[in-house]
Structure formats: C-alpha cells, structure tokens
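Following: one structure in structure tokens, then a few remarks.
The values are calculated or read from the model by the stated rules, or taken from the named source; none is laboratory data. All values derive from a computational prediction rather than experimental measurement. We place every Cβ from the backbone using ideal geometry, glycine too, and count neighbours over all the protein chains shown.
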Amino acid sequence: MYNFNYHKPSSIADALKLLGSSEDAKIVSGGMTLIPTLKQRLARPSDLIDLKGIPDLAFIRRDGNMIVIGAMTKHADVAASDVVTGAIPGLAYLAGVIGDAQVRHRGTIGGSIANNDPAADYPGAVLALNATITTNERTIAADDFFTGLFETALNPAEIITSVSFPLVEKSAYTKFRNPASRYAIVGAFVAKSAGGVRVAITGAGATAFRVPEMEKALAASFTPDAIKDIKVPADGLNSDIHASAEYRAHLCNVMARRAVTACG
C-alpha cells in the first residue's frame with residue numbers, strides 16, 4: 001500500500017467536510033473492494049474516510065410500504081433480518097449468498113451499490129425492486145443510478161445514506177456463482193408487484209440491466225415457460241476466463257427462469 005491519511009468521522013457532515021478538503025480522498029464503507037485495490041497498488045488515495053463511526057447509517061426498518069436499509073448495514077444483517085425476510089424474501093436470500101461469511105460480515109449495501117462492480121449482487125435487487133437511493137443531497141431512482149462499469153450517478157462529494165425497497169408480491173434471486181469468489185457470473189432477480197414485473201440481470205454486462213421483453217411476457221403469464229424463448233443478445237456482454245459472452249447470454253435466460261420458479 002501507499003501512505004494515506006486515515007479518518008473516522010462521527011457524522012455525515014464531518015465526512016463531507018473531509019471529502020471536500022482532501023486532495024484525493026476515498027470513502028471506505030466495508031472496504032471489500034477498496035482494500036484489495038490498495039494492496040495491489042491500483043489506487044493511491046491521499047485520504048481514507050471510514051464511515052463505520054457514523055451510527056446513523058446502519059439500520060433496517062419498515063416504513064409504510066417500504067423497507068429502508070441504512071447504507072452501512074452489513075450483508076449478514078440484511079440476510080438475518082426478520083423485517084426483510086418477512087417482507088421481501090428475495091432480498092434477504094440475495095444478501096445471504098454474497099461472497100463468503102467474512103465478506104457478508106464486513107461488506108455493506110451502500111458500498112456495494114456505490115462501487116457498482118459488474119459482478120455484484122445488490123445492483124440486480126435495486127433494479128428489480130425499483131428501489132430508491134437516498135444520499136446526503138437527493139433521492140435517485142434505481143433506473144437512473146447505475147450508469148456504466150464501476151460508474152453511478154453519484155457526484156464526487158455525495159454519500160449514500162439509505163436505500164428504500166418497495167414491498168412486492170413475489171421476489172426471488174438466483175445466480176450462477178464463480179466457484180472461488182462466489183460472485184455472480186450471472187444473476188437474475190425477478191420481482192412481481194401490482195405495478196407489473198421487473199427482471200434484472202447482474203454479472204453478465206458492464207453493469208446490471210433490465211430485460212423488458214421478459215418483463216412483458218411475465219406480466220401476461222408469470223411462468224418460466226413464458227420466457228423460455230426470450231434471448232439476451234451476447235453483444236456487449238462480459239467475456240473472460242470464467243465465461244464467454246455467449247455463455248453468459250445463455251445463463252441470463254436460465255437464471256431468470258429459475259428465479260421465476262423460486263418465486264413460487
């Protein structure tokens with residue numbers, strides 16, 4: 001690692017002040033991506049601003065027809081939450097299959113969403129559940145948040161404070177896991193609500209994306225067979241040593257059908 005200044009503010013205001021006054025500061029939430037990046041000397045921040053000292057950012061609560069989760073809430077806490085399990089079981093399941101136990105007890109929902117790793121699980125849930133991301137400045141709709149590879153709509157001096165998930169009738173997440181890291185080679189989150197069906201894919205492309213053709217077909221008939229012939233084009237999908245773009249395109253359909261089945 002390179003040398004850097006470490007800060008642990010006790011409030012959002014203090015964190016923002018540090019962020020604005022530092023030459024090249026980085027926010028640390030769980031550190032599951034940033035710390036390995038620093039170890040490999042792929043980043044050289046002047047300052048690290050650790051959000052763990054801000055107690056107001058870690059919580060899970062039901063607010064009317066929403067489940068609101070604080071940005072610093074750990075994956076393990078989401079997975080074990082009776083509030084989440086009872087209201088959106090697909091979201092609780094997703095949190096429970098992120099990485100391994102060590103990652104789940106350190107990584108946070110806000111960090112995962114802000115980092116927007118193409119193989120991350122949470123972006124699929126955010127899109128499929130039509131969540132709203134709240135920051136210190138504004139609220140951002142899920143469809144407007146993820147903009148590209150490791151890119152989001154967040155401004156440089158903007159910090160996620162919470163994520164709000166509307167209640168749905170049915171939800172499920174399935175993924176084809178990398179056997180070593182357990183990251184999603186391809187994951188599919190399906191959510192059915194009174195407003196229709198949303199299908200989101202993660203792991204396959206540069207960022208999570210929805211599949212409108214599947215959504216339309218499932219709105220007419222919520223069965224796996226309704227989407228068995230709908231193909232996601234391989235053009236633009238990720239291709240690496242783990243899976244080719246063509247194989248990922250095939251998995252998009254397989255995982256989506258499994259998710260529909262898991263919805264029950």
Query - Extreme residue, surrounded by the most Cβ atoms within 10 Å (Cβ to Cβ), among residues of segment 227-250 that are in contact with a Lys or Arg (Cβ under 9 Å, 6 or more places away or on another chain) and assigned to a helix (DSSP H, G or I) - result: I227
Query raised in the report: What are the residue pairs meeting all of these: first residue in segment 217-228, first residue in the same structural domain as S193 (by TED's automatic domain parsing), second residue assigned to a loop (DSSP other than H, G, I, E, B) and of a type in the set (A, V, I, L, M, F, W, C), Cβ atoms under 9 Å, and 6 or more apart or on different chains?
Result: A217/I230; I227/V211
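Scanning segment 172-205 for residues that are assigned to a loop (DSSP other than H, G, I, E, B) and touching a strand residue (DSSP E or B) at 6+ places or on another chain (Cβ under 6 Å), which turns out surrounded by the fewest Cβ atoms within 10 Å (Cβ to Cβ)? Spell out the reasoning first.
So in segment 172-205, the residues assigned to a loop (DSSP other than H, G, I, E, B) come out as 178-183, 194-195, 203-205.
From what is left, the residues that are touching a strand residue (DSSP E or B) at 6+ places or on another chain (Cβ under 6 Å) are 178, 203-204.
Working: N178: 14, G203: 30, A204: 30.
Per the criteria, the residue is N178.
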Requested in this report: Quick one: N136 ticks every box in (1) over 14 Å from the mean Cα position of the chain (by Cα); (2) buried (at least 19 other Cβ atoms within 10 Å of the Cβ); (3) over 16 Å from R210 (Cα atoms) except a single one, so which number is it?
Outcome: (2)
Requested in this report: Could you check V211 against (1) surrounded by fewer than 20 Cβ atoms within 10 Å (Cβ to Cβ); (2) within 21 Å of the chain's Cα centre (by Cα) and say which number it fails?
Outcome: (1)
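Restricting to segment 240-255, what's the tally of residues that are of a type in the set (S, T, N, Q) and either closer than 18 Å to P179 by Cβ or not assigned by TED's automatic domain parsing to the domain that holds T174 (or both)? Step through it out loud before you land on a result.
Residues of segment 240-255 that are of a type in the set (S, T, N, Q), as a first pass: 244, 253.
Then drop every residue that is not either closer than 18 Å to P179 by Cβ or not assigned by TED's automatic domain parsing to the domain that holds T174 (or both), which leaves 244.
Adding up the residues that qualify gives 1.
Tell me, yes or no, whether segment 160-171 has at least one residue that is assigned to a strand (DSSP E or B), under 14 Å from the mean Cα position of the chain (by Cα), within 26 Å of S239 (Cβ to Cβ) and among the polar types (S, T, N, Q). Full working, then the answer.
Of all residues in segment 160-171, those assigned to a strand (DSSP E or B) come to 160-166, 170-171.
Adding the requirement that they be under 14 Å from the mean Cα position of the chain (by Cα) leaves 160, 162-165.
Going one step further and asking which of them are within 26 Å of S239 (Cβ to Cβ), we end up with none.
Within segment 160-171, none of the residues are assigned to a strand (DSSP E or B), under 14 Å from the mean Cα position of the chain (by Cα), within 26 Å of S239 (Cβ to Cβ) and among the polar types (S, T, N, Q).
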Query raised in the report: Which residue out of A180, A256 is at pLDDT below 95 and among the small types (G, A, S)?
Result: A180
Query - Residue list for segment 62-98, filter: under 15 Å from T134 (Cα atoms) and free of Cβ contacts under 8 Å to residues at least 40 places away in the same chain - result: T73
Requested in this report: State all residues of segment 19-50 that are crowded, with 18+ Cβ neighbours inside 10 Å and part of a helix (DSSP H, G or I); if no residue qualifies, say none.
Outcome: L19, L34, L38
